[in-house]
Structure formats: C-alpha cells, structure tokens
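The structure appears right after this line, and notes come after that.
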Amino acid sequence: MGFGVEAGTWNKDAGKFSYFLGTSMVWANNNYTKSKTAAPQNQAFMSFYLKGQYKLTNHLFLVASPGIANLSYFEFQTGFRYIVPLTRVIGIGIEPAYAFNQRQLVVNANLHFALR
C-alpha cells in the first residue's frame, strides 16, 4: 500500500513517447529476509524515478521507470499502463509492472488529469 505523484509531458498529439518525473512511498510486507528470523519484516520504500511511456494503442501504453529507492539502490520497473477515460480530461489508469531489484510484481492505480 502506498501513494505517489508524478508530473510530466503527455504527448498525445506530438508523438507516441511521453515522460514523467515522480516519487512514491510504499509500505510492504517483505517475506524474504537475509536474517535468520522467520518473521516477515514491514518495510517502507521511498523512490524517485523518471518514467518513459510509449503509446501502443489508444488507451494502452508500455512504461519503463528507472529510479532510486530509499536513496540507497537503483530500481528499474517495466510494465503496461491502461487508461479508462472518464471525461475528455480525467481518466483512471491501472499499471501492472515488475520491479527487477525487489523481484516482485507491482500494481499501481492512477488518476490522470491531462488526457485531452
């Protein structure tokens, strides 16, 4: 569970590629630990990232986002973003992705204010 914000250019008319700068804070229950205790650890992940988005169809995008997590290691996520428009300007997105360094599937839900 977590929250985040990102802002950038959404080049719907100019081209198929858009980019965003963002930050997120996620609280996770990590079952994998290097310690000898069997209890899962609750962890907080704060990340800063640059996200690239490539338009595949009218509402489906391929996304990739390299970034820094907890100011200590590099993280890379890649996945898809599907947008359901509510109005001409507002839409709801679902974004399943895979975080390579954390080795886990991440699912984001987004509220977009720049669909035009």
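The values are calculated or read from the model by the stated rules, or taken from the named source; none is laboratory data. These numbers come from a predicted model, not from an experiment. A quick note on method: Cβ atoms are made from the backbone with ideal geometry, for glycine too, and the neighbour counts reach across all protein chains shown. Surface areas here come from the heavy atoms of the whole protein model, side chains and all, with no ligands, DNA or RNA. Shrake-Rupley method; radii C 1.70, N 1.55, O 1.52, S 1.80 Å.
For region 49-62, a residue qualifies if it is surrounded by 15 or more Cβ atoms within 10 Å (Cβ to Cβ) and either of a type outside the set (A, V, I, L, M, F, W, C) or in contact with a helix residue (DSSP H, G or I) (Cβ under 8 Å, 6 or more places away or on another chain) (or both), and the qualifying residues are Tyr49, Lys51, Gly52, Gln53, Lys55. Here is the figure for region 94-116: residues that are open to solvent by less than 60 Å² (accessible area, probe 1.4 Å), closer than 16 Å to Gly2 by Cα and of a type outside the set (S, T, N, Q) total 5.
Note on region 63-86: among residues that are part of a loop (DSSP other than H, G, I, E, B) and touching a residue at least 12 places away in the same chain (Cβ under 8 Å), the one that is least open to solvent (accessible area, probe 1.4 Å) is Asn70.
Could you check how many residues of region 13-34 are at pLDDT 85 or above and either assigned to a loop (DSSP other than H, G, I, E, B) or touching a helix residue (DSSP H, G or I) at 6+ places or on another chain (Cβ under 9 Å) (or both)?
Restricting attention to region 13-34, the residues satisfying the condition of being at pLDDT 85 or above are 16-25.
Among the residues that remain, those that are also either assigned to a loop (DSSP other than H, G, I, E, B) or touching a helix residue (DSSP H, G or I) at 6+ places or on another chain (Cβ under 9 Å) (or both) are: 16.
Result for region 13-34: 1.
Residues in region 79-116 that are farther than 19 Å from Ser47 by Cα and among the small types (Gly, Ala, Ser): Gly91, Gly93, Ala114. Within region 83-115, being touching a Pro at 6+ places or on another chain (Cβ under 9 Å) and farther than 17 Å from Val26 by Cβ holds for Gly91, Ile92, His112, Leu115.
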